[in-house]
Amino acid sequence: DEQERGVSIQSNPISLALPILSKRDQTYLFHLMDCPGHPNFADESAAAMRLCDSITLVVDVTEGVMSGVEKTIKMACENELAIVCVLNKIDRLIVELKLPLSDAYYKINHVLHQINDCIKSHRGEKNIELLSPAKGNVCFASAAHGYVFSLLSFSQIYSDIHLKNFDTLK
């Protein structure tokens, strides 16, 4: 049913053994909980957050902060979890909404401000870590087209193509 609908219906645990690039024969073990983001499944998200150290918040950039996203942020703040944000469906800003690049930038910026305002309101001034692409805790994605990038990864790709001898900041 999940593959047919293209959405998560129940929480699914996933374990990944990822190699450490700088060290030979060593790996990181990641345990992930893929849980539905739909508001009807808020109880599954709450249960999954009790098992996690951080969350990856996937936000539809065309819709912004909806009630489900706000509830998820509130639960993450209550559990004092670090948040990484993936702004998904950025392709729709240009393909469907036909926004000029400057307007797409302002839309993305507005959604990030909405998310940060929500974090501020639920976390208060204690342990506040706001989201910013410059800090590396925001990624941009299009699930439909199968890509995701951060500012660092994009700058690395750009420098590899256009600036052959340029070293990006790491």
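The values are calculated or read from the model by the stated rules, or taken from the named source; none is laboratory data. Computed from a predicted structure; not experimentally measured. Neighbour counts are summed over all protein chains in view; Cβ atoms, including those assigned to glycine, are modelled from backbone coordinates with ideal geometry. Keep in mind that these areas ignore ligands, DNA and RNA; they rest on the heavy atoms of the full protein, side chains included. Shrake-Rupley method; radii C 1.70, N 1.55, O 1.52, S 1.80 Å.
The protection proxy used here, the mean number of other Cβ atoms lying within 10 Å of each residue, ranks peptides 150-163, 52-65, 102-115, 14-27 as follows, highest first: 52-65, 102-115, 150-163, 14-27. P(r) tail for segment 13-100: Cα pairs beyond 14 Å make up 71% of the total. Going down the list 23/71; 23/74; 23/107; 71/107; 120/164, which pairs span over 32 Å between their C-alpha atoms? Flagged as over cut-off: 23/71; 23/74; 23/107; 120/164. The chain: D in µm²/s via Stokes-Einstein (Kirkwood Rh, Cα pairs, 25 °C, 0.890 mPa s)? Reported coefficient: 138 µm²/s. Each of 81, 145, 27 was scored by the projection of its Cα onto the charge dipole of the chain, and the greatest displacement toward the positive side belongs to 27; charges sit on the C-beta of Lys, Arg, Asp and Glu. Relative contact order of segment 68-163: 33 percent, from C-alpha pairs under 8 Å at least 6 residues apart in sequence. If I require 24 Å or longer along the helix axis, counting alpha carbons, and a Kyte-Doolittle average no lower than -1.0, what helices from the chain are left? Use full DSSP H segments. Flagged H segments are 101-123. Centre-to-centre, using Cα atoms only, segment 98-115 and segment 58-89 are separated by 16 Å. Mean silhouette area of segment 82-170, derived from the convex hull of its C-alpha atoms and averaged over all directions, reads 7.2 nm². About its Cα centre, the chain has a charge dipole of approximately 520 debye under the convention of +1 per Lys or Arg Cβ and -1 per Asp or Glu Cβ, with nothing else charged. A 1.4 Å probe run over the protein chains yields, for the chain, 69 Å² of accessible area per residue, whole-number rounding.
Under 5 Å between amide hydrogens, which residues at least 5 positions from residue 139 or on another chain qualify, with H placed 1.01 Å from N in the peptide plane? Under 5 Å from the amide H of residue 139: 85, 86, 87.
Its relative contact order, with pairs defined as Cα atoms under 8 Å and 6+ residues apart, puts the chain at 15 percent.
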